[in-house]
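Peer 1: This structure is in structure tokens; I'll ask about it shortly.
The values are calculated or read from the model by the stated rules, or taken from the named source; none is laboratory data. No experiment lies behind these values; they were computed from the predicted model shown. Reconstructed Cβ throughout: ideal geometry from the backbone, glycine too, with neighbour counts over all protein chains shown. Keep in mind that these areas ignore ligands, DNA and RNA; they rest on the heavy atoms of the full protein, side chains included. Shrake-Rupley method; radii C 1.70, N 1.55, O 1.52, S 1.80 Å.
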Amino acid sequence: MRDKAITWARSRCTLFHAALIVSTLTLAAALPVYGSEVSTVNLTAVADKLQQAVDRELVRGAVVAAYDSGAVTYKGVGVTAKGSSDPPTKDTVFEIGSITKVFTALLVQTLVQEEELSWDSTLKESLPLPTLEFANNRVQEITLRELAIHSSGLPRLPANMQPSDLLDPYIDYSAEQLLSFVLDYDPETLDKTQVYSNLGFGLLGAIAAYGVDYDELMRSNIFEPLEMTNSYVEHTPENHQMLIPGYSRGATMPNWNFDVMVGAGGVLSTAEDLMKFVSRNIETSDSPIDKSLSNLREPQVAPNQGLGWALMHSDGGKPVYWHAGATGGYVSFLAISPEESKGWVILAASTESALINEMGVSFFRASQQSTGVDLSPYVGVFELSPNLNITFSDRDGQLFGQASGQQEFPLTHSDGRSFNFELGGISITFGEPSDENGQAQELEWSQRGHTISAKRIEDSQSVTYRKEIELSVETLEQYPGKYRLGDNFFLTILHREGQLFAHATGQPVFPIFALEEDRFFYKVVDAEIHFERDEDENIVALTLHQNGELRAPLVEE
């Protein structure tokens, strides 16, 4: 085993702020194609859906790529930045978020082959000093394999992660904090049920990079052998030359930077580099890196989980190894079907994870492709329960649902009058159209073993459409602060470069937009925030309108 220093490698990088994007995008006139054509309807269909998402201001710009028996196709949609007419290309850089976990697992696999690590080593054996004392003996027996298959029993995130900048949440979480949390973690039981854990992969990457720099190790062991020349983990001015700014429903989103948790989501890459990764998973050789790629796909104990990879099956019953990713302003999807000699990538400046992931699944699940279905009987509003309605809309030939106060999600046609959102475990079956307009009057909603019925109600009860206005920077600067929604539950309002953002405890940061002075709304969910002033015109509270009203006073810090 190599010498391991107590100081863990970090990737502390300069915070990058992109310019604010205005609400109306300049769109590319056509879908440019790069490289050799693949004979597949799927790629064109997904590119068309991405363009529709650009038109609806859900995506700033995206690249979709497909590998088919050695041939590769790329298509770019949208624009790379505010005021640009240039679409992203195969060389445009995106944050790939949790797809990083596949590369972290691959990094560990290369070290396993070099006999520097073992998948079955415990944390006690893998951490640098034998004198370290764990508060819980079961925690010290967690193996690297369990970290890589999300079966360690560790939580999704460490409880001592309190970012100073909510728009860049990982930048200041240090090796010392991670080590302290793991040593002190003392649950009554350690449930090894598969639960997704960013903490687990952050720890796995830190163990792999003891005494060295994660970026250097990733470059020498992964990027260079795979000829991924435009992949890296540090945000620098030089690296930003080809970077598309992050985006969320009309707002430019700051980039995420990583310290010790880099192994959970810190890699940036391009469609071309990820296609090189796809091809090396399919066009195998006897090289060490190809052996590592093959070993990474070996079945593990968890039924739908490999080492880093998640596992699904194509319509033809073939295994598909996949992973999705998301950061503050980017969504990504990667899937490989080695037995069918196919692979797919979607990279998007967007926060529409559900939409992008459903597009990705449609590459290998024909049932996910809804074409030629008459959606008019299903469009409208249904009451799931008192004060909880769901609105169904036809978006360019695809059905979307949005419950009161919730995000919109895509539905794909299964058969007959049934639709599903597979990644959310949702299945919806509409009743037989029965009124004079040919509309279904009821539905059954099933989600993970529970089924409820819903009746059609008046369209006036649909999700509210809102249009933002611009407010001066001076006005926007009056709202930031921490507002108490409940015990240990806060809504924090942030201002960054002419844009307001809202962060609820334990949830992502989302941009909010002005309807009028003191009244703002979310675009990602059906909700509003109304600010309250005192007699001196100072902001003293806010009210969150989301399936009811919840007042939150400003906290004096």
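Peer 1: What shape does segment 489-554 have by the C-alpha gyration tensor, where a ≥ b ≥ c are the square roots of the eigenvalues, rounded means a/c under 1.5, and otherwise prolate means a/b greater than b/c and oblate the rest?
Peer 2: It is rounded, given that a/c, with a ≥ b ≥ c, falls under 1.5.
Peer 1: Still on this structure: With Cα Rg over 2.2 N^0.38 Å in mind, check [x] 1.14; [y] 1.37; [z] 0.98 and report the label derived from this structure.
Peer 2: [z]
Peer 1: Suppose all protein chains stay in the model; what accessible area per residue would a 1.4 Å probe give for the chain, in Å²?
Peer 2: Ligands and nucleic acids excluded, the result is 41 Å² per residue.
Peer 1: Taking the simple approach of a point 7 Å from Cα along Cα-to-Cβ for both Val540 and Thr475, what is their distance in nm?
Peer 2: 2.2 nm
Peer 1: Rounded if a/c is under 1.5, else prolate if a/b is larger than b/c, else oblate: which is segment 156-308, with a ≥ b ≥ c the root eigenvalues of its Cα gyration tensor?
Peer 2: Verdict is oblate for segment 156-308.
Peer 1: So what is the calculated 222 nm ellipticity per residue for the chain, using -39500 (n - 2.57) for each DSSP H run with n of 4 or more, over all residues, to the nearest 500 deg cm²/dmol?
Peer 2: Taking each H run of at least 4 residues, the total per residue is -5000 deg cm²/dmol.
Peer 1: Got a number for carbon plus sulfur as a percent of segment 431-512's accessible area, 1.4 Å probe?
Peer 2: Result for segment 431-512: 45 percent of the exposed heavy-atom area is carbon or sulfur.
Peer 1: Restricting attention to segment 439-478, which trypsin sites (Lys or Arg not before Pro) occupy a DSSP loop and are surrounded by at most 10 other Cβ atoms within 10 Å?
Peer 2: Passing both the DSSP loop test and the Cβ count: Arg448, Lys467.
Peer 1: Here's a follow-up. For Leu515 and Asn304, FRET efficiency with R0 = 51 Å and r from the beta-carbon atoms, rounded to 0.05?
Peer 2: The formula returns an efficiency of 0.75 here.
Peer 1: Distance in nm between label sites at Asp48 and His495, each 7 Å beyond Cα in the beta-carbon direction?
Peer 2: Label-label distance for Asp48 and His495, simple model: 4.6 nm.
Peer 1: OK, next. Considering only lysines 8 or more places apart in sequence, or on different chains, count the pairs in segment 57-138 whose C-alpha atoms sit under 25 Å apart.
Peer 2: 4
Peer 1: Figure the gain on full extension for Met312 and Lys192 (residue separation times 0.36 nm, minus the Cα-Cα span) and round it to one decimal in nm.
Peer 2: Working it through step by step, the gained length comes to 41.1 nm.
Peer 1: Okay, next question. Using a 1.4 Å probe on the protein heavy atoms, what percent of the accessible area of segment 246-316 belongs to carbon and sulfur?
Peer 2: Ligands and nucleic acids excluded, carbon and sulfur reach 51 percent.
Peer 1: Please identify every one of the GluC sites (Glu not before Pro) in segment 234-337 that sits in a loop by DSSP and has no more than 10 other beta carbons within 10 Å of its own beta carbon.
Peer 2: Glu238
Peer 1: Report the label-to-label distance for Ser434 and Arg448 in nanometres (one decimal), using points 7 Å from each Cα along the Cα→Cβ vector.
Peer 2: The two pseudo-label positions are separated by 3.1 nm.
Peer 1: Could you sort Trp119, Trp322 by accessible area so the largest value comes first, with the probe set to 1.4 Å?
Peer 2: Of Trp119, Trp322, the descending order of accessible area is Trp322, Trp119.
Peer 1: Sticking with this structure for a sec: Quick check on segment 328-472: take the gyration tensor over C-alpha atoms, sort the square-rooted eigenvalues as a ≥ b ≥ c, and tell me if it's rounded (a/c under 1.5), prolate or oblate.
Peer 2: Oblate shape, in that a/c is at least 1.5 and b/c is the bigger or equal ratio.
Peer 1: From Cα pairs below 8 angstrom and at least 6 apart in sequence, can you work out the relative contact order of the chain, rounded to a whole percent?
Peer 2: 14 percent
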